[in-house]
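The values are calculated or read from the model by the stated rules, or taken from the named source; none is laboratory data. Everything quoted here is computed from the prediction, not taken from an experiment. Using ideal geometry, Cβ is built from the backbone for each residue, glycine included, and neighbour counts are taken over all protein chains shown.
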Amino acid sequence: MSDVNKEISVKDLQSQIADLQAQLLSEKEARSAAEDNAKATADAGIFVSRSDEQPTGKTIKIQKCSNPWETDERKQKLISVDVPTYYYQIQLPTGAGISLTTNGQDFMHGETYTVDLYTLIDLKSRVARCWDHEKSIHGDNENAYRRPTNRHFMGK
């Protein structure tokens, strides 16, 4: 009788495993469809919020120093930290070139990338500085509030 109970329980367990695998497959398909939708939205430049980045809902593990004040490299302690990732589309002004390079990776203008939080902060800062530089060269009149002078240079 115990062999019959073992067979029934093994068969029940196998059917439960099959059901769970089917459920996992359907959830993976739904998640990948949602990720594809988020990527397409980020590529199109249609952002729901006022920020330029879209969270991916994923995290990556990076090594971070828990005692950065330590000057001896051998005494520094590294810990693994989960960092969120984001979709970010690079939008550079004309004078900035076609890409930004960070850690040997080119980030091309008009392309959408999946980056971690720290790379996102760096890229947003550099893109903003490119736009500030472009504005200072080709932007608004910087002398709009200065009193006009009546100086003329006369040639011979």
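The table below gives the values:
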item: Among the residues listed as Pro55, Pro84, Pro68, the single one being over 22 Å from Leu123 (Cα atoms) and modelled with pLDDT of 80 or more; result: Pro68
item: In segment 68-97, the residues that are surrounded by 11 or more Cβ atoms within 10 Å (Cβ to Cβ) and part of a loop (DSSP other than H, G, I, E, B); result: Glu70, Gln76, Ile90, Gln91, Leu92, Pro93, Gly97
item: Residues (assigned to a strand (DSSP E or B) and either over 19 Å from Thr59 (Cα atoms) or not hydrophobic (A, V, I, L, M, F, W, C) (or both)) located in segment 98-130; result: Ser99, Leu100, Thr101, Thr102, Gln105, Asp106, Phe107, Met108, Thr112, Tyr113, Thr114, Asp116
item: Qualifying residue in segment 93-113 (condition: in contact (Cβ under 8 Å) with a residue 40 or more places away in the chain and of a type outside the set (Val, Ile, Thr)); result: yes
item: Count - residues of segment 49-79 that are farther than 26 Å from Ser32 by Cβ and touching a strand residue (DSSP E or B) at 6+ places or on another chain (Cβ under 9 Å); result: 8
